[in-house]
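**Student:** Encoded as structure tokens, here's the structure I'll be asking about.
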Amino acid sequence: MIRNTDQRSRDYSEIMEKFRPGHADITYWQKYGIRDYRGGGRSSARETAARVAAGGVAREALKALVPELEIKGCMVQMGPEKINRQNWDWNQIDQNPFWTPDGEAAKSWATKLDRLRKSGNSVGAVVEVVARGVPAGLGAPVYGKLDTDLATAMMSINAVKGVEIGEGMAAAELTGEDNADEITMGPDGPVYSSNHAGGILGGISTGQDVVCRFAVKPTSSILKPRKTITKAGEETEIITKGRHDPCVGIRAVPVGEAMMACVLLDHLLLHRGQIGENQGEIG
């Protein structure tokens with residue numbers, strides 16, 4: 001149990017009868033006939049605290065089963081501004097509040113986010129989660145694909161509106177020649193020239209880094225007046241007061257890491273139970 005000792009329900013009293021645009025208030029009411037106007041109830045990002053706790057347990061289990069496996073998440077885009085991947089430095093992630101590997105981007109984002117916060121607005125973001133040391137062979141070719149389960153897990157995080165593996169949407173811009181990750185034989189097994197596939201082929205891990213990105217929409221609760229309706233169907237305007245993140249993507253980084261850990265542990269245990277040591281050898 002995680003007690004929310006810092007709640008301020010009074011901040012929401014003015015919107016008791018109003019639906020918040022971009023929020024799940026209206027769909028919850030249409031489906032269940034109830035809603036928690038004091039922050040969204042089960043559709044609130046408060047729910048992700050339990051995911052992070054589960055991810056912590058999953059990480060400990062993974063550490064015992066695959067000690068070399070490492071999971072790291074970071075923010076790679078805020079609004080239209082992407083990081084410069086030439087500046088990528090994993091050590092930078094703990095040095096700035098954006099969990100970004102690009103220190104220069106962090107400085108630029110800080111200025112822009114402060115301006116947005118003061119204006120009562122918000123902005124979206126893209127989070128990237130990378131798992132290194134993932135064994136080859138996790139996942140199944142049809143109904144238990146590793147990328148399918150990763151996409152499901154990431155899309156289930158509050159405010160996520162898009163998920164991609166490897167090149168993702170950008171793969172549509174490539175030719176087959178460019179997209180194919182060429183394979184050579186190394187001293188310890190297959191070596192890939194690139195990782196456009198994001199470490200997964202045919203729903204099964206290749207042994208490369210598993211790379212997953214997800215897009216987080218701008219925070220729906222903003223201080224800008226927006227048109228909406230009440231439960232009675234009357235048209236009105238709404239301003240959502242209270243404490244709201246101008247970029248919820250920042251808080252989504254550890255949640256994405258947790259979901260990656262949970263999915264990988266699931267697939268590791270499934271693989272062990274279904275296949276065991278009976279894997280195809282190369283070389």
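Here, each number is a calculation from the coordinates, and none is a lab measurement. All figures in this text were calculated on a predicted structure; none of them were measured in a lab. Note that each Cβ is placed from the backbone with ideal geometry, even for glycine, and that neighbours are counted across all protein chains shown.
**Student:** Which whole-number percentage describes the relative contact order of region 195-283, with Cα contacts under 8 Å and a sequence gap of 6 or more? Please report the intermediate quantities before stating the final value.
**Tutor:** Values: 59 pairs, mean separation 15.3, N = 89.
Computed value for region 195-283: 17 percent relative contact order.
**Student:** Let me ask something else about it. Could you check the simple spin-label distance between residue 223 and residue 170, using points 7 Å along Cα→Cβ, in nm with one decimal?
**Tutor:** Spacing of the two 7 Å Cα→Cβ label points: 3.6 nm.
**Student:** Starting from the Cα of residue 145, draw a straight line to each of the aspartates and glutamates and keep only those under 20 Å, dropping any in the same chain fewer than 8 residues away.
**Tutor:** 128, 164, 167, 181, 209, 257, 266, 277
**Student:** Continuing with the same structure: Work out how much length residue 118 to residue 195 would gain on full extension: take 0.36 nm times their residue separation and subtract the Cα-Cα distance, in nm to one decimal. Could the numbers behind the result be given before it?
**Tutor:** Details: separation 77, 0.36 × 77 = 27.72 nm, distance 4.07 nm.
Between residue 118 and residue 195, full extension yields an extra 23.7 nm.
**Student:** Residue farthest toward the positive end of the dipole of region 1-137, with Cβ of Lys/Arg at +1 and Asp/Glu at -1: which of 50, 23, 123?
**Tutor:** Of the listed residues, the answer is 23.
**Student:** Answer with a single label: of [x] 1.13; [y] 1.22; [z] 1.04, which was calculated as Cα Rg over 2.2 N^0.38 Å from the structure in view?
**Tutor:** [x]
**Student:** With helices defined as uninterrupted DSSP H runs, which ones in the chain have an alpha carbon span along their own long axis of at least 27 Å and mean Kyte-Doolittle hydropathy of at least -0.5?
**Tutor:** On the way: long enough: 249-274 (37 Å, 0.73).
Qualifying helices, which must be both long enough and hydrophobic enough, are 249-274.
**Student:** Would you work out which of 138, 71, 198 lies farthest towards the positive end of the dipole of region 63-206? Charges go on Cβ: Lys and Arg +1, Asp and Glu -1.
**Tutor:** 71
**Student:** Once a ≥ b ≥ c are taken as the square roots of the eigenvalues of the Cα gyration tensor of region 36-89, is the result rounded (a/c under 1.5), prolate (a/b larger than b/c) or oblate (a/b not larger than b/c)?
**Tutor:** On the way: a/c = 5.90, a/b = 1.08, b/c = 5.45.
Note, shape of region 36-89 comes out oblate.
**Student:** On to the next question. Limiting things to C-alpha atoms, what are the Rg and the maximum Cα-Cα separation (Dmax) for region 65-126, in angstroms?
**Tutor:** Just the Cα atoms of region 65-126 yield Rg and Dmax of 13.6, 49 Å.
**Student:** Per residue of region 137-144, what does 6.51 cos²θ - 1.76 cosθ + 1.60 with θ = phi - 60° give for ³J(HN,Hα)? Whole Hz please, x for Gly and Pro, Karplus curve as stated.
**Tutor:** x, 7, x, 9, x, 10, 8, x
**Student:** Cβ under 11 Å from residue 214's Cβ, residue 214 left aside: what net charge do those residues give with Lys, Arg +1 and Asp, Glu -1? Numbers along the way, then the final one.
**Tutor:** On the way: positive: 161, 213, 217; negative: 128, 164.
Taking every Cβ under 11 Å from that of residue 214, the sum is +1.
**Student:** What does the charge dipole of the chain about its Cα centre add up to, to the nearest 20 debye, if the Cβ of each Lys and Arg holds +1 and the Cβ of each Asp and Glu holds -1?
**Tutor:** Details: 34 positive and 36 negative charges, 401 e Å.
Computed charge dipole of the chain: roughly 1920 debye.
**Student:** Once amide H atoms are built 1.01 Å from N in the peptide plane, which residues 5 or more positions from residue 207, or in another chain, come under 5 Å H to H?
**Tutor:** Placed amide hydrogens put 136, 137 under 5 Å from residue 207.
**Student:** Only Cα pairs under 8 Å and at least 6 apart count here; give the relative contact order of region 40-114 as a rounded whole percent.
**Tutor:** Details: 47 pairs, mean separation 15.1, N = 75.
RCO, region 40-114: 20 percent.
**Student:** Just flag the GluC sites (Glu not before Pro) in region 140-234 sitting in loop per DSSP whose Cβ has no more than 13 other Cβ atoms within 10 Å. Please list the in-between numbers first.
**Tutor:** Numbers: sites: 164, 167, 173, 177, 182, 234; in loops: 167, 182, 234.
Counting only loop positions with at most 13 other Cβ atoms within 10 Å, the GluC sites (Glu not before Pro) in region 140-234 are 182, 234.
**Student:** With a point put 7 Å past each Cα toward its Cβ, work out how far residue 63 is from residue 94 in nm, to one decimal.
**Tutor:** A separation of 1.3 nm, rounded to one decimal place.
**Student:** Moving on to the next point. For an R0 of 41 angstrom, estimate the FRET efficiency from the Cβ-Cβ distance between residue 266 and residue 17 and round to the nearest 0.05. Please list the in-between numbers first.
**Tutor:** On the way: r = 42 Å, r/R0 = 1.02.
The pair residue 266/residue 17 has a calculated efficiency of 0.45.
**Student:** Continuing with this model, one more query. State, to one decimal in nm, how far the label point of residue 87 lies from the label point of residue 52, with both points 7 Å from Cα in the Cβ direction.
**Tutor:** Simple spin-label model gives 2.6 nm for this pair.
**Student:** A follow-up question, please. With springs only between Cα atoms under 10 Å, which of 43, 193, 205 fluctuates most in a Gaussian network model of the chain?
**Tutor:** Largest GNM mean-square fluctuation: 193.
**Student:** Strictly over 28 Å apart at the Cα level, which of 72/161; 18/82; 107/227 would you flag in this model?
**Tutor:** Values: 72/161 21 Å; 18/82 35 Å; 107/227 34 Å.
Cα-Cα > 28 Å for 18/82; 107/227; rest within.
**Student:** In whole Hz and in residue order, list the ³J(HN,Hα) couplings for region 205-215 that follow from phi through the Karplus curve 6.51 cos²θ - 1.76 cosθ + 1.60, θ = phi - 60°; x for Gly and Pro.
**Tutor:** These are the phi-based 3J(HN,Hα) values: 5, 8, x, 7, 4, 8, 10, 9, 10, 9, 9 Hz.
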